Amino acid sequence: MKIVGMDVYAYSVGYAHGTYIMSGDRVAKSEDGTVVRIRTDEGISGWGEITTLGKVYLPTFPAGIRTALKDLGEALVGKDPTNIAMVNRVMNATLMGQEFAKSPIDIACWDIKGRALGLPVSSLIGGVINDRFPIYEAVPLTAPEEMGAFITARRAAGINRFQLKVGNNPFDDIARVRASVEAGDANTVIVADSNGGWSLAAAKLAVQGMAGLPVYIEQPCRSTIDCILAHRGSSLPLVLDESIVNHDEVFRAKYEANAVSINLKFGKLGGLTNVVKARDLLQELNMAVSVEDMWGGDIITAATSHVAATTRPESLLMTPFFNDWTDGHLAGYTPRSSNGFGSAPAGAGLGIEVDVQKLGEPLFTVGAR
């Protein structure tokens, strides 16, 4: 099988709950998503997605991703998409870094491989051991009582895992976390995620003020070293995310930062291949696994579901169904969660069928049209 062409599309991905607010006045109502379709000489196509969360969340932005996709696509025409190790080798020889652009290509190649073999991606990456897994939702940063009300409403829909957006004034954030804890029960999982928004001093105050609360602290500061310093002396479990960008730093997260979990993102690591490698490493290190991406709809939700379904149930801390948060329903709103739980599609590849008509004309095509 050979790659004959790659189509790159843009689509708008709106937030289902109105306005999504993070630390540092980072706000999202709709994001500029990028979808990749890889076409082969055997008539099988695969799909991937990369949707950023603005331009100042992680060091990437849509126009940069799309520019990199042109170079990567040209290098891959004529290559076998089912030889995923070779695909990644070619991409790495074409562009250093640029993992955010490599991610949707890698996902699309897994989709093609599964479709060619008649197997779901979950079967190709180890097999389903987590038939039904709990999903989480993010709670936008707002007034404490509003965050508590959001949790109450979503718990009524079956969700009982939440990632609170904090990272502004530490005393206000302490109040936000307390209100959120009070809105839950003994089984509610709460992660207070600063997204690197606190200064070192603010992080110290926030972490100390949350002492004794049943919560995780995620990425209190921008750098790993500041997270280590901010968390020093605290008994609250620490999760790292934005500052962990390769496998070497996983060991630093555990042995220097005393982190109990790392939030793995497809875009940050360059696709499904490296997410699965990192997931397996975390499990062997007896760390909890959180897996997601920055934003997105049905396509990235499907990819996430296959990783979650093949993760040990006792290891999986947090995973979302982004298509519950957004209106990015390019595949008929599949996979679909149910009462706070998700599962992986059983169909071949990603197990979804993308409606090309919803995408319109591609921004550009590499290779044959």
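Read-outs throughout are calculated quantities, based only on the coordinates presented, and are distinct from any laboratory measurement. A quick note: this is a predicted structure, and the numbers were derived from the prediction, not measured. Counting neighbours? That spans all protein chains shown, and the Cβs are built from the backbone with ideal geometry, glycine included.
Looking only at the range 123-342, where both bridge partners belong to it, what percent of the DSSP beta bridges are antiparallel (to the nearest 5)?
Details: 3 of 26 bridges.
Rounded to the nearest five, the antiparallel share is 10 percent.
Annotation for the range 29-108: trypsin sites (Lys or Arg not before Pro) lying in DSSP loop with at most 12 further Cβ atoms inside 10 Å of their Cβ are Lys29.
What FRET efficiency comes out for Asp248 versus Asp280 if R0 is 22 angstrom and r is the Cβ-Cβ distance? Round to the nearest 0.05.
Working: r = 15 Å, r/R0 = 0.70.
Computed FRET efficiency for Asp248 and Asp280 comes out at 0.90.
Given only helices, namely DSSP H runs of n ≥ 4 each adding -39500 (n - 2.57), what is the per-residue ellipticity at 222 nm of the chain, to the nearest 500 deg cm²/dmol? Mind showing how you got there, number by number?
On the way: 13 runs with 136 residues, N = 369.
Mean residue ellipticity at 222 nm (helix-derived): -11000 deg cm²/dmol.
Simple spin-label estimate for Ala93 and Phe341 gives 4.7 nm between the two label positions (7 Å along the Cα-to-Cβ direction from each Cα). Between the Cα long axis of helix 144-156 and the first principal axis of the chain there is an angle of about 60°, rounded to the nearest 10. What is the count of Lys pairs in the range 123-342 whose alpha carbons sit under 25 Å apart, if the two are 8 or more places apart or on different chains? Lysine pairs, 8 or more places apart or on different chains, close enough: 10. Here are some values of volume of the Cα convex hull per residue in Å³: (1) 242; (2) 117; (3) 171. Which one was computed from this structure? Of the labelled values, this structure produces (2). Spin-label pair Glu146-Val128: with each label point 7 Å from Cα along the Cα-Cβ axis, the two points sit 3.9 nm from one another. Candidate cross-link partners of Lys29 among the aspartates and glutamates, defined by an alpha-carbon separation under 14 Å and a same-chain spacing of 8 or more, comprise Asp327.
Between 0 and 90 degrees, the angle of helix 272-284 with respect to the longest Cα principal axis of the chain falls at about 40 degrees. Using a cutoff of 8 angstrom between alpha carbon atoms and counting only pairs six or more residues apart, the relative contact order for the chain works out to 22 percent. Couplings 3J(HN,Hα) for the range 198-213, derived from phi with the Karplus relation 6.51 cos²θ - 1.76 cosθ + 1.60 (θ = phi - 60°), are 7, 6, 4, 5, 5, 5, 4, 5, 5, 4, 5, x, 9, 3, x, 7 Hz, where x marks Gly and Pro. Taking GluC sites (Glu not before Pro) as exposed when DSSP calls them loop and at most 15 other C-beta atoms lie within 10 angstrom, the chain has its longest site-free stretch at 43-255.
Find how many whole Å separate the alpha carbon centroid of the range 178-195 from the alpha carbon centroid of the range 200-277. Here the answer is 17 Å between Cα centres. Please enumerate, by chain and number, the aspartates and glutamates with C-alpha under 12 Å from the C-alpha of Lys102, excluding those fewer than 8 residues away in the same chain. Cα-Cα hits under 12 Å: Glu49, Asp71.
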